[in-house]
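Please read the structure below before turning to the comments.
The values are calculated or read from the model by the stated rules, or taken from the named source; none is laboratory data. Note that this is a predicted model, so its numbers are computed, not measured. No Cβ is skipped: glycine too gets one built from the backbone with ideal geometry, and neighbour counts run over all protein chains shown. Just the protein is used for accessible areas: all its heavy atoms, side chains included, with ligands, DNA and RNA removed. Shrake-Rupley method; radii C 1.70, N 1.55, O 1.52, S 1.80 Å.
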Amino acid sequence: MSELAADGGRVAILLRATTGDCARDRVAVWGPVGRTFVPIGASACTDSTSTGAGLYGVALAGTSVAYVQFAGGNVRELRLRLATLARPRPVTVASAAFGLDQGSGTFIGRIVGDKSLLAFDWWSMCAPCAGATPVAPRSAVWRVVPSGAACPGAGGLGELPRCRSIRETTGPLRLLAAGGGRVAMTAGDQGVEVRATDGTPLYAGVLPGAMRAARLDGGVLVVLTRSGNQNSLWVVDTNIADGRPSGSLPLPPSTSSGGAVCGDPSGCRLAALRLEDFQSGIAVYVVGRDVHLLRLADKRDVRIRAPGLGPVHAQLEPSGLFYSYRPAASPGRGRVAFMPMAAVLARFG
């Protein structure tokens, strides 16, 4: 399993499956309580184009699931695909394309979901643009809505979903998380800001150290920062107008730290320590095969070891904890485990 995205009592799974000589990425949604499993979409075979094909950035928002599909040669084409559990055949919402050699074009990075909110970031680059008039890069965070303007890059696609901008700027802007009707984003490696879905600013701050990842739940923002090899977790209540960090919680040192999802269409290496989720006052981070549940109220850190090989991913919802691993006896097969919330809380004693 390369990615998990949970919402409510379900989890969206991104995995790679091999049939004969064809390896391809697939997305499906699993509901452990009702024992439902809904296949959503798949990429072409990974070696079907000169620079590969695949999926990344899966998100779940209620009964809607979205992901980015990529393929191409020297020009990589990206399509944001959207489906629902009732209508699992995906449609294209937005698109982008960039040259692998030049690094110029348009990009789709991270997708996040929470209940009815589905958001994504989209940006353009013109580098080096030799011999051309310099063009300032544009970046935006969008949300998918039933009615609104056309989504970026969607001209001529003729699909039904529409988009509304949450924030636009010239310069870098990357999406981090969504929760409680709010969206967290960053315009650099230190600053983080939270906005309502209509674009109203709710919080902006710069925390000590380099910002590595963030998660939102009920207006409470947790931010993972890094100074040297030291990782820290900061907590901000964005429900308060002048919300200030409540101090930092030290996390284990590591060779690298970050979020659970790459969000880069060119690919990136998975960090050694990953902030995976935040729910009901419990921050979830992963180190190796260990899923850590850090309860902010008493700073109690409970460890759950996955019974197999990594990479391990985890998501925490009011229904319980989802985590993925590969069984040692069958390393080519991924597995997702579910622990009900009552069992999660029992771990804290």
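Observations on the model:
- Long-range neighbours under 8 Å by Cβ, at least six apart or interchain, first residue on the phi > 0 side of the Ramachandran plot within the stretch 163-175, second in a strand (DSSP E or B) and open to solvent by less than 80 Å² (accessible area, probe 1.4 Å): 171/139
- Identity of the residue in the stretch 262-279, touching a residue at least 12 places away in the same chain (Cβ under 8 Å) and open to solvent by 70 Å² or more (accessible area, probe 1.4 Å), that ends up farthest from residue 237 (Cα to Cα): 266
- Residue, nearest to residue 316 (Cα to Cα), within the stretch 1-50, restricted to residues that are charged (D, E, K, R) and open to solvent by less than 50 Å² (accessible area, probe 1.4 Å): 7
- Restricting the stretch 51-65 to residues that are modelled with pLDDT of 95 or more and not in a loop (DSSP other than H, G, I, E, B), the residue that is surrounded by the fewest Cβ atoms within 10 Å (Cβ to Cβ): 64
- Looking only at the stretch 249-261, and only at residues there that are among the aliphatic types (A, V, I, L, M) and outside any strand (DSSP E or B), the one that is least open to solvent (accessible area, probe 1.4 Å): 260
Here's the yes/no breakdown for (1) farther than 30 Å from residue 75 by Cβ; (2) under 15 Å from the mean Cα position of the chain (by Cα); (3) in a strand (DSSP E or B):
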position: 245; (1), (2), (3): yes, no, no
position: 264; (1), (2), (3): no, yes, no
position: 313; (1), (2), (3): yes, yes, yes
position: 338; (1), (2), (3): yes, no, yes
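- Strands (runs of 3 or more DSSP E) wholly inside the stretch 159-215 that include at least 2 residues being open to solvent by 60 Å² or more (accessible area, probe 1.4 Å) and of a type outside the set (Lys, Arg): 162-170, 201-206
- When the stretch 88-116 is filtered for residues that are of a type in the set (Lys, Arg) and within 24 Å of residue 171 (Cα to Cα), only 110 remains.
- Enumeration of residues in the stretch 73-90 that are of a type in the set (Lys, Arg) and farther than 15 Å from residue 151 by Cβ: 76, 87, 89
- Count of the stretch 15-50 residues which are within 22 Å of residue 85 (Cβ to Cβ), in a strand (DSSP E or B) and among the small types (Gly, Ala, Ser): 5
- Checklist (1) in contact with a Pro (Cβ under 7 Å, 6 or more places away or on another chain); (2) at pLDDT below 90 applied to residue 230, failing item: (2)
- Among the residues of the stretch 216-242, those that are under 29 Å from residue 145 (Cα atoms), in a loop (DSSP other than H, G, I, E, B) and more than 21 Å from the chain's Cα centre (by Cα) comprise 239, 240, 241.
- For the stretch 285-309, a residue qualifies if it is open to solvent by 20 Å² or more (accessible area, probe 1.4 Å), in contact with a Ser or Thr (Cβ under 9 Å, 6 or more places away or on another chain) and closer than 26 Å to residue 25 by Cβ, and exactly one does: 287.
- Scanning the stretch 66-95 for residues that are open to solvent by less than 30 Å² (accessible area, probe 1.4 Å), assigned to a strand (DSSP E or B) and either free of Cβ contacts under 8 Å to residues at least 60 places away in the same chain or not hydrophobic (A, V, I, L, M, F, W, C) (or both) yields 67, 72, 76, 83, 92, 95.
- Among the residues of the stretch 315-336, those that are in a strand (DSSP E or B) and open to solvent by 40 Å² or more (accessible area, probe 1.4 Å) comprise 326, 335.
- Residue selected from the stretch 216-243 under the condition surrounded by 14 or more Cβ atoms within 10 Å (Cβ to Cβ) and among the small types (Gly, Ala, Ser), by the criterion farthest from residue 167 (Cα to Cα): 232
- Boolean, residue 264 is more than 29 Å from residue 124 (Cβ to Cβ), charged (D, E, K, R) and out of contact with any helix residue (DSSP H, G or I) (no Cβ under 8 Å at 6 or more places or on another chain): no
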